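> What follows is a structure written as structure tokens; I'll ask about it next.
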Amino acid sequence: MIGTGIKRGTAELAVLSVLEHGSLHGYEMARRIEQQTKGALRFTLAALYPMLYRMERHGWIRGAWETSNSGRRRRCYRLTAVGKKMLPPLRQEWSELFRALRQLKKASHA
Amino acid sequence: MPDWEKVVGEQLTGLALDAADEREVHAELAAHLEETYEALLREGMTESDAIHRALSLAGDWNDLQRKIQSARTRKDTMTNRITQFWLPGFLTFALSMSLLELVQKFFPQPFMLRLDHPSVLLFYVPWLLTLPLAGALGAYLSKRAGASPPMALFSSLFPVLPLAAIFLIAIPVGLVISHTLSHSIVAAAFLTLGIEWVAVPGAVLLAGGFLMRVFFSRRLVSRRIVGG
């Protein structure tokens, strides 16, 4: 069972990563994360929106209402300068964690 | 197609945000549900299945509401504790103590339940009958502030918590300092006081809290039925 802290950390990294390439609304963000992680990360509304609101409050992302060509209004999120700065160290932290876990696995097999 | 904003509005009635903020949250969640619903229709799902599947995406609406409330307001954990536990708890405590004052003034004779001699349990029955109200008030205020169900029940128990804490400290201390021969008397005295002032009132307060919880969940279910 993956703990809440780890889940939150990976979910935040996933959101920052998909927003790196441009602004997205919540549904599209969830869909892309699910596709790109081959279903490993799936969001319910209760997991996604409170996290987006919290990240917005911390100043990592910013949401704004946009109207699409079809006339639909969607709240789209984009990375702020703070969010952009957070992404490389966060990625580094996670890759170090995974490297450490892989080493642990290797050691237990040896 | 369902009116998704209406559906979301009917489920998240307890959000304590300002009107514009609340509308924004409703609109955003409704847009997400609408996109999901339309994608499911495109996959070939029937309309009613697509509605149910899209709604299931929300999971527990109560949980969603609590998390949104916490994320949208600038409250930290300490502030949440105050509004979800301490404040409802103190109000419940104040109400139950006021009720006890009134009962002792108008019905000064407690009900006596004789057990083995010399143990006698004393109960202010009219006070016990009013306590579910205090318990329900604690649970209601706590729930309204976005507390989880266990936290809301804990708030309804608040009036007996200080007494329980006193007993937890006093019983071992009393037993240590009492004379060896009087241990059984001291223990019996603490036991009867514990039943009179902690166990029975606690159970009654909890019953009030449970009733409020049942009321909340029934209201949620009926809203879901109405919302389709």
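> Which of the residues belonging to the range B:18-59 are touching a residue at least 40 places away in the same chain (Cβ under 8 Å), surrounded by 16 or more Cβ atoms within 10 Å (Cβ to Cβ) and either within 11 Å of chain A (Cβ to nearest Cβ) or assigned to a loop (DSSP other than H, G, I, E, B) (or both)?
Result: B:VAL25, B:LEU55, B:ALA58.
> While we're on this one: Quick one: which helices (runs of 4 or more DSSP H) lie wholly within the range B:84-198 and hold at least 1 residues that are under 30 Å from B:LYS67 (Cβ atoms) and of a type in the set (S, T, N, Q)?
B:87-106, B:125-144, B:149-156
One line per residue, one yes/no per condition, for (1) surrounded by fewer than 20 Cβ atoms within 10 Å (Cβ to Cβ); (2) in the same structural domain as B:GLY208 (by TED's automatic domain parsing); (3) in contact (Cβ under 8 Å) with a residue 40 or more places away in the chain:
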| position | (1), (2), (3) |
| --- | --- |
| B:PHE123 | yes, yes, yes |
| B:LEU133 | yes, yes, yes |
| B:TYR140 | no, yes, yes |
| B:LEU153 | no, yes, yes |
| B:PRO159 | no, yes, yes |
| B:ALA170 | yes, yes, no |
| B:GLY174 | yes, yes, no |
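> Filter the range A:28-39 down to the residues that are away from every other protein chain (no Cβ under 13 Å) and either touching a Leu at 6+ places or on another chain (Cβ under 8 Å) or crowded, with 16+ Cβ neighbours inside 10 Å (or both) and list them by number.
A:ILE33
> Let me ask something else. Restricting to the range A:16-39, name every residue that is in a helix (DSSP H, G or I) and touching a residue at least 60 places away in the same chain (Cβ under 8 Å).
Selection gives A:LEU16, A:SER17, A:LEU19.
> Can you find a residue that is surrounded by 17 or more Cβ atoms within 10 Å (Cβ to Cβ) and within 14 Å of chain B (Cβ to nearest Cβ) anywhere in the range A:1-13?
Yes, the range A:1-13 contains at least one residue that is surrounded by 17 or more Cβ atoms within 10 Å (Cβ to Cβ) and within 14 Å of chain B (Cβ to nearest Cβ).
> Given the residues B:LEU64, B:LEU87, which is the only one that is away from chain A (no Cβ under 14 Å) and touching a residue at least 24 places away in the same chain (Cβ under 8 Å)?
Residue meeting the stated conditions: B:LEU87.
> A further question on this structure: Quick one: would you say A:THR80 is modelled with pLDDT of 90 or more and of a type in the set (Val, Ile, Thr)?
So A:THR80 passes the test.
> Within the range A:40-86, can you find the residues that are part of a loop (DSSP other than H, G, I, E, B) and within 11 Å of chain B (Cβ to nearest Cβ)?
A:ARG42, A:PHE43, A:THR44, A:HIS58, A:SER68, A:ARG72, listed by residue number.
> Looking at A:GLY26, A:GLY22, which is the one that is modelled with pLDDT of 90 or more, within 12 Å of the chain's Cα centre (by Cα) and not charged (D, E, K, R)?
Only one candidate qualifies: A:GLY26.
The values are calculated or read from the model by the stated rules, or taken from the named source; none is laboratory data. Bear in mind the structure is a predicted one, so any value in this text is a computation, not a measurement. Positions of Cβ are generated from backbone atoms using ideal geometry, with glycine treated the same way; all protein chains shown enter the neighbour counts.
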